[in-house]
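In what follows, a single structure is set out as structure tokens and then discussed.
The values are calculated or read from the model by the stated rules, or taken from the named source; none is laboratory data. Keep in mind the model is a prediction, meaning the values are calculated, not measured. Here Cβ is always computed from backbone atoms with ideal geometry, including for glycine, and neighbour counts include all displayed protein chains.
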Amino acid sequence: MNVNCHISGLGVSVPEHTLTNQDLEKIMDTSDEWIVTRTGIKNRHIVQDNENISDYAFLAAVKAMDEAKITPSQITHLLVATCTPETLSPSMSCIIAQKLGLSSYSGLQLISPNSQSLVCFDFNAACSGFVYGLELARAFLALNTDAVILLITAECLSRRMNYQDRTTSVLFGDAAGACIIQAKGNALFHVLDVSIGADGDYKDLIRIGGGTDKKVQVGDSISEDFFLAMQGREVFKQAVRGMEQESLKLLQKNNLGVEDIDLFIAHQANLRIIEAVRERLGLSEEKVFTNLEKYGNTSATSILLAMAEAREQGLFKTGQKTLLTAFGAGLTWGSALLSS
Ligand code: COA
């Protein structure tokens with residue numbers, strides 16, 4: 001379906017505190033050389049004990065709203081992509097809405113039947129969250145062309161890392177991103193099309209526990225299940241396959257070839273995964289933007305974080321096409337086509 005959908009403001013925010021490969025060498029049996037060779041990651045940003053990722057989501061949202069020249073009262077939808085919410089309930093979106101001062105009600109005033117109340121909810125598509133969010137935004141815009149959507153990605157993976165497990169804890173970092181999505185107003189990027197998918201048969205490949213599947217009582221100690229666990233090799237294979245196939249499907253659907261793509265931004269999980277997808281798609285190296293060496297895998301935020309830096313570097317030229325692709329726990333995946 002052809003939906004008029006564009007991004008009119010974008011912001012990202014990362015914690016100041018860093019965790020370098022050298023820091024990790026001091027707390028586990030690993031090496032900078034191993035991490036860089038296998039993943040490309042050199043550093044991550046992680047929240048400190050007195051911080052929460054919603055603090056950073058707030059900052060990212062303010063930047064996005066400022067750029068789009070949108071005031072809090074104009075926001076109709078606040079959607080948060082996260083697999084690491086601060087609480088099971090309330091949702092991160094309600095927590096962030098309160099910080100931003102968004103509200104549907106003013107006292108007991110009667111609301112006009114035609115006014116759009118603020119819609120707030122979280123969704124969990126893990127690392128595919130941003131691309132899933134673009135599709136959700138398109139759906140809301142198809143229902144209401146006046147919608148002003150604040151799409152936030154807020155991930156605090158460090159609070160679900162088992163730093164005794166070197167196979168996963170070296171990979172992830174924390175970060176938040178935000179963008180304003182509308183059918184009207186100034187466009188930084190037009191969202192031309194999105195294609196998303198999932199397969200629950202692979203649900204056990206990446207898992208974060210701590211939900212309601214296990215009975216717990218006050219005083220119980222935390223088990224390993226609370227932390228992120230992953231079958232890295234199998235995830236690697238499925239990530240390459242999923243991102244390649246969804247990207248080709250999206251290009252085909254839009255009568256485009258790989259040669260029509262000017263910039264390629266994949267979920268920033270692992271340089272070797274991105275390189276394998278690039279090779280299979282037949283894209284040239286200079287069309288690929290990465291910044292995972294500085295942040296690690298920031299899950300749903302990673303694409304926004306890369307887009308923000310690519311923009312700072314002037315890589316989005318007017319009229320050019322960008323292909324985004326992501327992959328995550330679930331398993332979930334998705335690709336999006338933007339023009340700038
Ligand atoms: N430091 C040093 N050695 C490590 C290590 C670390 N941080 N982590 C694992 N190793 C060791 C293993 O114990 C193993 O040792 P062994 O051969 O003595 O048993 C060896 O390195 C190879 O482990 P393996 O798991 O086969 O490595 P790999 O080449 O598959 O790389 C990943 C591991 C996790 C980097 C890789 O599988 C990967 O990136 N997978 C995708 C993960 C991902 O991106 N997930 C998020 C998707 S959204």
If we keep just the residues of region 314-340 that are at pLDDT 95 or above and touching a Lys or Arg at 6+ places or on another chain (Cβ under 8 Å), which is surrounded by the most Cβ atoms within 10 Å (Cβ to Cβ)? S335
Report the residue count in region 236-252 for those that are within 16 Å of G330 (Cα to Cα), in contact (Cβ under 8 Å) with a residue 60 or more places away in the chain and aliphatic (A, V, I, L, M). 2
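Tell me yes or no: at least one residue of region 291-312 is without any contact (Cβ under 8 Å) to a residue 40 or more places away in the chain, touching a Phe, Trp or Tyr at 6+ places or on another chain (Cβ under 9 Å) and either surrounded by fewer than 24 Cβ atoms within 10 Å (Cβ to Cβ) or more than 18 Å from R38 (Cα to Cα) (or both).
Within region 291-312, one or more residues are without any contact (Cβ under 8 Å) to a residue 40 or more places away in the chain, touching a Phe, Trp or Tyr at 6+ places or on another chain (Cβ under 9 Å) and either surrounded by fewer than 24 Cβ atoms within 10 Å (Cβ to Cβ) or more than 18 Å from R38 (Cα to Cα) (or both).
Inside region 286-314, can you point out the residues that are in a strand (DSSP E or B) and out of contact with any strand residue (DSSP E or B) (no Cβ under 8 Å at 6 or more places or on another chain)?
Across region 286-314, there are no qualifying residues.
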Kindly establish whether K294 is more than 14 Å from the ligand (Cβ to nearest atom) and under 21 Å from R160 (Cα atoms). yes
Looking at region 179-188, is at least one residue surrounded by fewer than 13 Cβ atoms within 10 Å (Cβ to Cβ), more than 30 Å from I273 (Cα to Cα) and out of contact with any Phe, Trp or Tyr (no Cβ under 8 Å at 6 or more places or on another chain)? no
Pull up region 35-50, narrow it to residues that are part of a loop (DSSP other than H, G, I, E, B) and within 16 Å of the ligand (Cβ to nearest atom), then point me to the one that is surrounded by the fewest Cβ atoms within 10 Å (Cβ to Cβ). K42
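If I filter region 218-227 for residues that are more than 29 Å from T318 (Cα to Cα), under 19 Å from the mean Cα position of the chain (by Cα) and either within 16 Å of the ligand (Cβ to nearest atom) or modelled with pLDDT of 95 or more (or both), do I get at least one hit? Give the steps one after another, and end with the answer.
Taking region 218-227 as the starting set, the residues that turn out to be more than 29 Å from T318 (Cα to Cα) are 218-227.
Keeping just the survivors that are under 19 Å from the mean Cα position of the chain (by Cα) gives none.
No, the conditions are met nowhere in region 218-227.
Residue-wise test of (1) under 18 Å from N124 (Cα atoms); (2) touching a Gly at 6+ places or on another chain (Cβ under 8 Å); (3) within 16 Å of the ligand (Cβ to nearest atom).
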| residue | (1), (2), (3) |
| --- | --- |
| S169 | no, no, yes |
| A176 | yes, no, no |
| K184 | no, no, no |
| L188 | no, yes, no |
| G197 | yes, yes, yes |
| D213 | yes, no, no |
| M230 | yes, no, yes |
| K253 | no, no, no |
